[in-house]
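Heads up, the thing below is written out as structure tokens.
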Amino acid sequence: MAAPEKKLKVAIMGAKGYPYVYGGYDTLVKELGERLVEKGVSVRVYNHRSLFPIRPRFVNGIECIYTPAIESKSLTQLSHTFFSMVHACFSDVDVIFVVNSGNGPFGWLAKLFGKPSAINVDGLEWLRPKWKGLGSKYFYWASKMATRSFDQIINDSDEMRRVYLEEFQKDSVVIAYGANPKEDVEDRPLQTWNLRSREYYLIVGRLIPDNNADLIIAAFLKSNSKKTLVVVGDAPFSDAWAQQVKQLKDPRVLFTGSVTDPLDLASLYSHCYAYFHGHEFGGTNPAMLKALGYGCAILALNTPFNQEMLQNGKHGWFFEKSIPETTALIEKAERETIAIENLRIHARKGLIQKYSWGHVTQHYHEVFLRLAKRA
């Protein structure tokens, strides 16, 4: 009798863990991990120990390993991945999957132990204002090391693949993030902030310079809009820039801080008049995918990445990095209510197949199987 086929065993690391969901990487780990389990893959996720006061070994079929970190702004994430990588290399996993280009150098550990590895390198971290000086140099070097040390580079957009080809002469597999379209979301949670459906604009994202919340707020306050601008999100650490933005006092601007309840966040997305996307560096952005999935009219910063996601204007309008031009776009949105409504009606059609979590998972599964067979 033939021996039963061995289950593919994949270790995932570099995010905060499972089922913790804070940002894009955490969402990827959750959505991908759960679907891989459904496909019969044995999935292990390395969790940031300090974030999990309760530490079950298995959650929804996913094995959770709780590794420590050196708790500081610059070392937490990197040290957590390092300890996780060491643990995985001494284990029986078939493939190691890492997220975040900052973890690029750790691929050499996987190579040393003969473990096939892949890394999702995401955005242009070295260009982000928060990583000025040494931080910027580190992320550029780490991204370059990722292309040398990992067996497979994964980018989330065609534009990001082009960047890596030009900058590091390394090709990559393109696998986007997924989205879960939602319809008929009730507006009752809006009462928490005394908001009414279609009477506010929305920004969702960390309060960091490259998300350009300051520019959008300044442009909005120069407009003649009578609506409210709602800013959802905060800085992950105490940050002078974020504090300066939040000190702005104006009755037309509402800072909610981080909104962790998924029903509250769904309601804020679903009932906004339009969603502002000011993210400057990065490929496929999870917040933008949520906006499409919730049927938002999208006003996005004009970047190659945002153009790709919105299919060159088919599913959103663009503004330049300029207060007067952004103000002009807001006033156009106020005038052209029918056009804004049409953007909402057709938003979910922007979630083409490559943004389906089923398609995303299938593509990752194929990559992991190929790497395991190569070993």
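Which residue pairs have Cβ atoms closer than 7 Å, lie 6 or more positions apart in sequence or on different chains, and pair a first residue in region 205-216 that is over 14 Å from ALA300 (Cα atoms) and touching a residue at least 40 places away in the same chain (Cβ under 8 Å) with a second residue that is among the aromatic types (Phe, Trp, Tyr) and assigned to a helix (DSSP H, G or I)? So the pair list comes out as PRO209/TRP241.
Do we have ALA69 as in contact with a Leu (Cβ under 9 Å, 6 or more places away or on another chain) and either under 23 Å from PHE281 (Cα atoms) or modelled with pLDDT of 95 or more (or both) here? No, not satisfied.
Here the helices (runs of 4 or more DSSP H) wholly within region 16-127 that include at least 1 residues being surrounded by fewer than 20 Cβ atoms within 10 Å (Cβ to Cβ), in contact with a strand residue (DSSP E or B) (Cβ under 6 Å, 6 or more places away or on another chain) and assigned by TED's automatic domain parsing to the domain that holds ALA142 are 24-38, 76-89. If ALA69 meets every condition in (1) in contact (Cβ under 8 Å) with a residue 24 or more places away in the chain; (2) within 19 Å of GLY23 (Cβ to Cβ); (3) among the aliphatic types (A, V, I, L, M); (4) out of contact with any Gly (no Cβ under 7 Å at 6 or more places or on another chain) apart from one, which number is that one? Condition not satisfied by ALA69: (1).
The values are calculated or read from the model by the stated rules, or taken from the named source; none is laboratory data. Note that the structure is a prediction, hence the values are computed from the model and not measured. All Cβ positions, glycine included, derive from the backbone under ideal geometry; neighbour counts span all protein chains shown.
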